[in-house]
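The values are calculated or read from the model by the stated rules, or taken from the named source; none is laboratory data. Predicted model, so just to flag it, every value in this text is computed and none were measured. Positions of Cβ are backbone-derived with ideal geometry, glycine not excepted, and every protein chain shown enters the neighbour counts.
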Amino acid sequence: MGDENEAMISGVKEALDAGALLAGPQIPLLDPSNRAPFVVLPAGCEVEGIEKFLPFPTRKRAAVTVSQAGSFIEYAKKHGSLDECVIYAEIDAEASKCVLLAVMNDNGATVPKWRDHRCTFAPALSVEWKRWLSKNGQTKACRKPTSPLGWRTT
């Protein structure tokens, strides 16, 4: 019985030692592009990210909305890459609506990515286009034509 107790105490000690090793800051090993450190809190064995305490983030994340085409293009050129940046378009011609979404860290050719660095371009309709749409489909009375010199013939 003494040997069983010693073996159990030894097993508990090994488990506690392993838990103590996990209590310090850890870095994920699976994804080299996401090196966000974390700790394992002993109370409920919860994993808590500690990236917020670093001097700068471990990767880019953003949700940017722009209203000018030039701003959208510049943002995509600055932050995107040919392999990972994908631009999606939602176009509704009936409603005169167009929304472009650039996902800077979309799934690449070889590795899945986080897809949380985005830029949305939703252009506003011009005043002229809104006026045109408001009159679209309505008949309008026309004036009588005039002579080439501008005199009315009637």
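Computed values, structure above
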{"quantity": "Single residue of Phe53, Phe38 found to be within 24 Å of the chain's Cα centre (by Cα), surrounded by fewer than 10 Cβ atoms within 10 Å (Cβ to Cβ) and either more than 30 Å from Ala124 (Cα to Cα) or modelled with pLDDT of 70 or more (or both)", "calculated": "Phe53"}
{"quantity": "Total residues in the stretch 78-121, condition of a type in the set (A, V, I, L, M, F, W, C) and buried (at least 18 other Cβ atoms within 10 Å of the Cβ)", "calculated": "7"}
{"quantity": "Residue in the stretch 101-116 that is in the same structural domain as Ala76 (by TED's automatic domain parsing), of a type in the set (Ser, Thr, Tyr) and touching a strand residue (DSSP E or B) at 6+ places or on another chain (Cβ under 6 Å) present", "calculated": "no"}
{"quantity": "Pairs, first touching a residue at least 24 places away in the same chain (Cβ under 8 Å) in the stretch 85-109, second of a type in the set (Val, Ile, Thr) and loosely packed, with under 14 Cβ neighbours inside 10 Å, C-beta under 6 Å, six or more apart", "calculated": "Cys98/Ile91"}
{"quantity": "Conditions (1) modelled with pLDDT under 95; (2) of a type in the set (A, V, I, L, M, F, W, C); (3) surrounded by 10 or more Cβ atoms within 10 Å (Cβ to Cβ); (4) under 25 Å from Gly70 (Cα atoms): number failed by Ala124", "calculated": "(3)"}
{"quantity": "Among (1) part of a helix (DSSP H, G or I); (2) at pLDDT below 70; (3) surrounded by 11 or more Cβ atoms within 10 Å (Cβ to Cβ); (4) hydrophobic (A, V, I, L, M, F, W, C) - the single one Phe72 does not satisfy", "calculated": "(2)"}
{"quantity": "The stretch 87-121 - residue that is among the hydroxyl-bearing types (Ser, Thr, Tyr) and in contact with a helix residue (DSSP H, G or I) (Cβ under 9 Å, 6 or more places away or on another chain) and, of those, modelled with the highest pLDDT", "calculated": "Thr120"}
